[in-house]
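*Asks:* After the structure tokens below, expect a handful of questions from me.
The values are calculated or read from the model by the stated rules, or taken from the named source; none is laboratory data. What you see is a predicted model; the values in this text were computed from it and never measured. Here Cβ is always computed from backbone atoms with ideal geometry, including for glycine, and neighbour counts include all displayed protein chains. Remember, those area values only see protein heavy atoms, side chains included, never the ligands or the DNA or RNA. Shrake-Rupley method; radii C 1.70, N 1.55, O 1.52, S 1.80 Å.
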Amino acid sequence: QVQLVESGGGLVQPGGSLRLSCAASGSLLSIYTMGWYRQTPGKQRELVATLTSSGSTNYADSVKGRFTISRDNAKNTVHLQMNSLKPEDTAVYYCNARRWVAPSNSWDQYWGQGTQVTVSS
């Protein structure tokens, strides 16, 4: 079992920066593929960034070059550094951990509770 808790959300002006954190307990995040997703009322939850246990990253086109996902193994925490923020980045951001379990042919997946990010002047 894995418990995920996000923090670091808040209000920031366009062009500003914000750093989100996802702290885990119950397991080591280094063995999971980590992801950040976001959701706005009336829209589907969308992928923002992923980070595999081997260090490979993937970003949505809308955030590429502005956001960076990283992992701190010593603190068992994953971060999302967000720079050059735009109003359209406003959303609730969720932390995700997942891995494929071959013996059961299924996903082992967990979600955090979410943290609000608002970009406005």
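*Asks:* For the subset of the stretch 1-59 comprising residues that are assigned to a loop (DSSP other than H, G, I, E, B) and in contact with a Gly (Cβ under 9 Å, 6 or more places away or on another chain), which member is modelled with the highest pLDDT?
*Replies:* G9
*Asks:* Collect the residues in the stretch 48-66 that are open to solvent by less than 20 Å² (accessible area, probe 1.4 Å) and either more than 12 Å from the chain's Cα centre (by Cα) or of a type in the set (A, V, I, L, M) (or both), keeping them in residue-number order.
*Replies:* V48, A49, L51, V63, listed by residue number.
This table checks each residue for (1) within 30 Å of V101 (Cα to Cα); (2) surrounded by fewer than 12 Cβ atoms within 10 Å (Cβ to Cβ); (3) over 11 Å from the mean Cα position of the chain (by Cα).
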| site | (1), (2), (3) |
| --- | --- |
| V2 | yes, no, yes |
| C22 | yes, no, no |
| S27 | yes, no, yes |
| W36 | yes, no, no |
| P41 | no, yes, yes |
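*Asks:* Okay, next question. Can you spot a residue in the stretch 9-18 that is within 13 Å of A97 (Cβ to Cβ), buried (at least 19 other Cβ atoms within 10 Å of the Cβ) and not small (G, A, S)?
*Replies:* no
*Asks:* List the number of the failed condition for W100; all other conditions in (1) modelled with pLDDT under 95; (2) closer than 20 Å to S7 by Cβ hold.
*Replies:* (2)
*Asks:* What's the number of the only condition in (1) within 14 Å of the chain's Cα centre (by Cα); (2) under 14 Å from V117 (Cβ atoms) that S70 fails to meet?
*Replies:* (2)
*Asks:* What number of residues within the stretch 61-114 satisfy the criterion of being of a type in the set (K, R), under 17 Å from L47 (Cα atoms) and part of a strand (DSSP E or B)?
*Replies:* Qualifying residue count for the region: 2.
*Asks:* Just to be sure I understand, how many residues within the stretch 84-118 are open to solvent by 60 Å² or more (accessible area, probe 1.4 Å) and farther than 25 Å from S54 by Cβ?
*Replies:* So the answer is 6.
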